[in-house]
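Inspection log for the structure reproduced underneath, given as structure tokens.
The values are calculated or read from the model by the stated rules, or taken from the named source; none is laboratory data. These figures come from a predicted structure and were not determined experimentally. Glycine also receives a Cβ, built like all others from the backbone with ideal geometry; neighbour counts cover every protein chain displayed. Side chains are part of the model used for accessible areas, which takes the heavy atoms of the whole protein and leaves out ligands, DNA and RNA. Shrake-Rupley method; radii C 1.70, N 1.55, O 1.52, S 1.80 Å.
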Amino acid sequence: MTNIIRCSLLLAFCFPWLLVAQETGFRPITDIGPVTQAMVNQSSATQSLQSTFVQEKHLEMLEEVLVSHGLFYFKKENNVRWQYLDPIQYTILIHQGKFTIDNDGKVSEFNTNSNPMFHEINKMIITAIRGDFVGNADYNPTYFESENQYMARLVPVSEQVLSMIETIDIYFDKSGMQVAKVVFSEPGGDFTSITFGDVQVNKEIPESKFELTN
Amino acid sequence: MKFKFHLLIAFLIQAFLAGSCRFSGYTAFHKITPKLSKPTVFSPDFSKALYKTELSLYGRTITGITVIKKVDDGYQLAMVSEVGLKYFEIFFQDDSAIAETKYLMPVLDRKPVKEALISSLGLLFSEANYNAHTRLKVNETKKTVLLINKEKGSRISYYYDPVSGEVDQMKQNKFFGSKTTIKMSAYMEDAPDSIMVYRGKISMHFQRM
């Protein structure tokens, strides 16, 4: 009888963890050398990238997920257009060292260092796309794989960043080694996932995409 | 010396007159009729709302989306940036001044910012009291009632529609401390469409999505 209770307790304790493991389907990679090399190779070969994205914000306090859609453009070295189309119109541009925001027609220019949080997010996204986290002292990475994807889990080293973002999970498709999804997990259980779709690599992006013309 | 004394008296009289005219256009409302609604910002059937938000703090502006959700014993309020990161999350308990900061981004975690957020946003969820200290006034058109609550060194004024109870404006004056003004407009069934909060060097604009 005691054994049955022990087994039940053990199962009750382990069951949620078994479910998580099944759901994610990712296991640690033992030999990371070839994987990180493939990431670095792909990132060096990527001159430009454009895609759609779906951003999902999961708040512990809210059952519903806050969903945003938009377009993403990246061109080496550090040109980014991060354009939200729905439900809000909001565009972030990083071009020639300038950081510009178009908030529904209201344009503001910033120094990237004036908004530490945003500076960090952009740095992380560019880091993910360029594969800079391999050997980057700002993060402690661990690597996982599933049948179709690799996942790099980055833990920020900086205490200040860590107080905003606990982990950054970057998912790569094994087929093309392109970033498929980025998940930012915050302290307290909230997280944001950004899933990229219709990814086009090295397709010409005009300079005008990185300028706000209104 | 006599001349200076006269100046002082004149100044005091002027200050008194200015003070007495603070609610000019409003006359005392002696009878509370059953038809008079209570001032309401979020109606009893309010469950949740999303607001596009612009928060200006000491000359710096941050933008994002604010979620306000009614829970069993109060309101949860969280502001997240467009890119998804949470700036702050505060819980305001029903019918009391109790607020719990569940999260505040480290760059915002400064005493004056925290106090301003709690104090001004808490005002949105405060319920008007009817007691011996409550004063009621009505404007000339009878379309706006002014309810004044005085307690603990502060005075809260609610300007509202006597029929629907919808609050147009709230003001909090503290004997020691900043003055807060909140303007609300375009009520959409259960909550205002637009909320503007002013408190010293901090302002917030919420536009319902």
- Item | Which of A:Thr192, A:Val157, A:Val80, positive extreme of dipole for the stretch A:48-210 (C-beta unit charges) | A:Val80
- Mean Cα-pair separation over length for the stretch B:52-108, i.e. relative contact order, pairs under 8 Å, 6 or more apart, %: 22 percent
- Query: Name the residues of the stretch A:52-89 whose accessible area, probed at 1.4 Å, falls by at least 50 Å² once all protein chains are in place instead of their chain on its own?
  - Reply: A:Met61, A:Leu66, A:Ile88
- A:Met177 accessible area, nearest 10 Å², 1.4 Å probe? 20 Å²
- Overall dimensions of the stretch B:162-205 as given by Cα atoms, namely Rg and Dmax in Å: 12.1, 36
- Note on the structure: Contour minus Cα-Cα span, A:Val201 to A:Glu60, at 0.36 nm per residue, comes to 47.2 nm
- Task: Could you pull out every residue, at least 5 positions away or on a different chain, whose amide H is within less than 5 Å of the one on B:Thr144? Hs are placed 1.01 Å off N in the peptide plane, and Pro or chain starts have none.
- Result: B:Asn139
- Query: Once you treat every alpha carbon in the stretch B:24-208 as an equal point and sum by Debye, what is log10 I(q)/I(0) at q = 0.10, 0.18, 0.19 Å⁻¹?
  - Reply: -0.40, -1.27, -1.40
- Query: Using Cα pairs under 8 angstrom and six or more residues apart, how large is the relative contact order of the stretch B:24-208, in percent?
  - Reply: 23 percent
- Shape call for the stretch A:48-210, from the Cα gyration tensor axes a ≥ b ≥ c (a/c under 1.5 means rounded, otherwise prolate when a/b beats b/c, else oblate), comes out rounded
